[in-house]
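The values are calculated or read from the model by the stated rules, or taken from the named source; none is laboratory data. All values derive from a computational prediction rather than experimental measurement. Ideal geometry is used to build each Cβ from the backbone, glycine not excepted, and the neighbour counts take in all protein chains shown.
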Protein chains: 2
Amino acid sequence: MEKDSSIKKSRAIRRLVIWYKRNSAVTSIVDTAANSAVTASNVAGNVVSGAGSVVSTASNVAGNVAGNVVSSAESVVNTASNVVSSASSIAKNTLQPLVFDPLKRLQNSDNLISKEEVPNSERIWIAVDGMGGDYAPVPILEGCLGAISRFPINIKFVGKIEKVRYEAERVGLIDLLEKEIDNNRLELIDSGDPIGMNEEATAVRKRKDASINVAMDLVKTNKAKAVYSAGNSGALMASAIFRIGRLKGIERPAIGALFPTRDQTRPVLVLDVGANTDCKPSYLHQFALLGNVYAKDVLQIEKPRIGLLNIGEEECKGNDLSIKTFELLSNEKSFNFGGNCEGRDVLSGDFDVVVCDGFTGNILLKFLESVGGVLLDILRSELPRGRRGKVGSAFLKSNLLRIKKRLDHAEHGGALLLGVNGICVIGHGSSKSLSVVSALRLAHSAVNHNVMENLNQLQKLQVLNS
Amino acid sequence: MEKDSSIKKSRAIRRLVIWYKRNSAVTSIVDTAANSAVTASNVAGNVVSGAGSVVSTASNVAGNVAGNVVSSAESVVNTASNVVSSASSIAKNTLQPLVFDPLKRLQNSDNLISKEEVPNSERIWIAVDGMGGDYAPVPILEGCLGAISRFPINIKFVGKIEKVRYEAERVGLIDLLEKEIDNNRLELIDSGDPIGMNEEATAVRKRKDASINVAMDLVKTNKAKAVYSAGNSGALMASAIFRIGRLKGIERPAIGALFPTRDQTRPVLVLDVGANTDCKPSYLHQFALLGNVYAKDVLQIEKPRIGLLNIGEEECKGNDLSIKTFELLSNEKSFNFGGNCEGRDVLSGDFDVVVCDGFTGNILLKFLESVGGVLLDILRSELPRGRRGKVGSAFLKSNLLRIKKRLDHAEHGGALLLGVNGICVIGHGSSKSLSVVSALRLAHSAVNHNVMENLNQLQKLQVLNS
């Protein structure tokens, strides 16, 4: 028996290596994250300097006109100061990232809970990989401290304690950190180095003390209800599979991302966005079952409408995979199958969950992410010239930037690893503190709405026991 | 022998039926085309009425202020009239569809040719399915007449002559039509009814006199160099395969669509966008060979950069299909393979041709088409209120509408059927006259740059003869 299980394990590892090598959501989302962040901040910089030039133009205008036509000076100055104030508000809006929050409509109730001063014993502990992410640990720590003050959660912050304290000291977070430790709302848990962004996911097997492993063990031993990491997402998946395991009957875990839709309050959960490039119909069926539970519990949608990503509405349309999957989904009574979802329907708001293979999902996710930037570029090249043009440009850019942020969010806000025996939230490698807060809200929402209980119920379904 | 070939034919038909049933680019692009058109014209209407209200607000402002502060009245009135003129130019821009033209940079040379008054004997004859399309024959005829005056092409207009003449009379195109017939630049060719938008593609087998069949025969008998249809695109494909046949060594024809990129003058040819939902690596290899010829000849790119749509940059990333295809493409010496193209790279302008299976390509095409509309919706819900807000809104909307049009163009401008023994341009079902002109330029450009000769050269390649 002993030997048997070790053979099984080594096979599992080999499979994982192959699986990992073929999957990119893992490394390349992370690799290019830094680039995206730099681009975004450049754009922000440009808009701000654009706004600045509008301000100076406006004050020139004000000055000149006042000199020439004294009687109309006052009204012109007023206009100029309006322009100035609108320009500075544009600058301000641009600098304060308006992160789109897919859980916006849950926000009020969350805040309510927080204001009721939940006793510490009822606050939920979440394990955080404090070392994972391009800029860790500072923005991770900052986000955790922010989240503690907003939601009834406590944080087990896993990392090299010495380094965490040193960095907290450096950026002036040390007092708040000490205070929350004293309040018993944050706990520092020592670990080794994180798994690097470019390391193979299988490194989690060798480095038992890697921060993600230590964090995952906290979930395994029930010392935390969920885990969050903005580090190597392949390593997160591997660690989850090896330490807390898959749910019974789920052949493959999937990564689910929230895409924005026409309706700001109603995002759509798309899965898989990269964990499984070649899928069987049974995988997609399981993704739909998982997505249904998450949409009900986390997005608080009573009867989530499940769609199958496909190239036509009719059931006869599609490739082999989608035609066979259609049959499975339409025979499934435990959720509300809404039929095929074409490319143009993904963002329509007509579906709450869209299932697809990880190849198509990953391409769609990254395509969506790029669209905002392309639009900005096209616009910039077409913006009208002249003074009025400049005001218009600043106006336009700030609006488009907001939309771009919303589109970017699909990656930035935190994806879910579905199908494992615990709640795992995957942060974007370039996560700043606001993204961390947003991801921790997602984690809190999942725990708070009993996702795990419902997933355990799910496992009793006939289809997952055959 | 006779029997053998008839068995082969009936097998081919059965395969075509299966193939057709699984493919949607065919009917659903067409089915929903009318809807898109209606939406677009509604949006245009809204923007125009928005512009109108800006005008009246502006004149109110002008009036009030002039009454109160007489000395500053003149400058305010000037401002108001500026606003009025800018508002009306917004309205004008919105009403005159600024169709994005992927062949913009070829336009000058095309016009040059046209101005040189090419003798009629050198003008290229193009067969047009005059009955195909949601609004046929009027916008098709109008587009043809427009194209004749711009490029050195002549048109064989296939349709029910009586109906065409009746409609031309009704909309006042009859004089121009008669003139071009007298000039020997347009010829009316009689046919039966078109294959309906919702008919099975295989109907082309039974209805020999369907307009698409008559048009296709003109190419087969070399009376026309290319064929254009905005009708049932499945029927176009079926007619092409049965009448003019596939190129030697090409297992499956593919539909190629031009997507806009960051660089307005440099679209990217994406194929397949819907003809083949399940592909083998050899198909994708052939798509790349075909795309290379078209990008060289039609887009006039010296060494087109070919990309393979995939989920990571490294060659080990991807699904079974893309990993195997990567190997084929990187061993191909006859074109410039630029490696994997991730979802975020499609619109980057880094690639001139992107190959993928028809399932993924179709989802991407329709997703792209929807993004513009979703952005408009999100913006509309977030636009600032107040007078300045209104001016900004009108400004913003007109710009976004232009971008939306550009995104829509991927479908509207005309797709290419690649891999058959002739030049076939597939128009969008909802094509208006400008789209027809744009598609006919594409057809002219393909003929003019010797695409067919180069495709014949292509067939000598070892890889297509093994």
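Scan segment B:159-181 and give yes if some residue there is touching a helix residue (DSSP H, G or I) at 6+ places or on another chain (Cβ under 6 Å) and aromatic (Phe, Trp, Tyr), otherwise no. Scanning segment B:159-181 turns up no residue that is touching a helix residue (DSSP H, G or I) at 6+ places or on another chain (Cβ under 6 Å) and aromatic (Phe, Trp, Tyr). There is no residue in segment B:260-269 that is among the hydroxyl-bearing types (Ser, Thr, Tyr) and crowded, with 24+ Cβ neighbours inside 10 Å. Here the condition is being assigned to a strand (DSSP E or B) and modelled with pLDDT of 95 or more; of A:166, A:228, it holds for A:228 alone. One residue stands out in segment A:306-317 among those that are in contact with a Phe, Trp or Tyr (Cβ under 7 Å, 6 or more places away or on another chain) and free of Cβ contacts under 8 Å to residues at least 40 places away in the same chain: the one that is nearest to the other protein chains (Cβ to nearest Cβ), namely A:311.
Among the listed residues A:401, A:396, A:442, which satisfies the condition of being modelled with pLDDT of 80 or more and either touching a Lys or Arg at 6+ places or on another chain (Cβ under 8 Å) or of a type outside the set (Lys, Arg) (or both)?
Residue meeting the stated conditions: A:442.
Pick out the one residue from B:169, B:142 that is under 23 Å from residue B:438 (Cβ atoms) and among the acidic types (Asp, Glu). Unique residue meeting the criteria: B:142.
Checked against (1) crowded, with 17+ Cβ neighbours inside 10 Å; (2) modelled with pLDDT under 95; (3) not hydroxyl-bearing (Ser, Thr, Tyr), residue A:105 passes all but a single condition, namely (1). Among the numbered conditions (1) touching a strand residue (DSSP E or B) at 6+ places or on another chain (Cβ under 6 Å); (2) over 22 Å from residue B:133 (Cα atoms), the only one that residue B:266 does not meet is (1).
With respect to residue B:198, determine if the residue is closer than 22 Å to residue B:442 by Cα and in the same structural domain as residue B:355 (by TED's automatic domain parsing). So residue B:198 fails the test.
Taken together, B:217, B:209 contain a single residue that is assigned by TED's automatic domain parsing to the domain that holds residue B:457 and assigned to a helix (DSSP H, G or I), which is B:217. Among the residues of segment A:137-146, the one identified as surrounded by fewer than 24 Cβ atoms within 10 Å (Cβ to Cβ), closer than 19 Å to residue A:123 by Cα and among the aliphatic types (A, V, I, L, M) is A:145. Residues in segment A:256-269 that are out of contact with any helix residue (DSSP H, G or I) (no Cβ under 6 Å at 6 or more places or on another chain) and outside any loop (DSSP other than H, G, I, E, B): A:256, A:258, A:268. For segment A:328-368, a residue qualifies if it is within 14 Å of chain B (Cβ to nearest Cβ) and in a loop (DSSP other than H, G, I, E, B), and the qualifying residues are A:342, A:346, A:347, A:348, A:349, A:350, A:351, A:356, A:357. Can we say residue A:438 is more than 18 Å from residue A:222 (Cα to Cα) and not aliphatic (A, V, I, L, M)? Against the criterion (more than 18 Å from residue A:222 (Cα to Cα) and not aliphatic (A, V, I, L, M)), residue A:438 qualifies. Just name the residue that is nearest to the other protein chains (Cβ to nearest Cβ) out of those in segment B:318-327 that are polar (S, T, N, Q) and in contact with a helix residue (DSSP H, G or I) (Cβ under 6 Å, 6 or more places away or on another chain). The selected residue is B:319.
Yes or no, residue by residue, for (1) more than 25 Å from the chain's Cα centre (by Cα); (2) crowded, with 19+ Cβ neighbours inside 10 Å; (3) without any contact (Cβ under 8 Å) to a residue 60 or more places away in the chain; (4) closer than 16 Å to residue A:425 by Cα:
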| residue | (1), (2), (3), (4) |
| --- | --- |
| A:128 | no, yes, no, yes |
| A:148 | no, yes, yes, no |
| A:164 | no, yes, yes, no |
| A:190 | yes, no, yes, no |
| A:195 | no, yes, no, no |
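Taking the conditions exactly as written (at pLDDT 95 or above and buried (at least 18 other Cβ atoms within 10 Å of the Cβ)), does residue B:306 satisfy them or not? Yes: the conditions hold for residue B:306. Keeping to segment B:276-303, report how many residues are crowded, with 24+ Cβ neighbours inside 10 Å, modelled with pLDDT of 90 or more and either within 11 Å of chain A (Cβ to nearest Cβ) or not in a helix (DSSP H, G or I) (or both). Total meeting the criteria: 3.
Rundown of residues vs (1) on the phi > 0 side of the Ramachandran plot; (2) acidic (Asp, Glu), yes/no style:
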site	(1), (2)
A:157	no, no
A:160	no, no
A:164	no, no
A:172	yes, no
A:183	no, no
A:190	no, yes
A:201	no, no
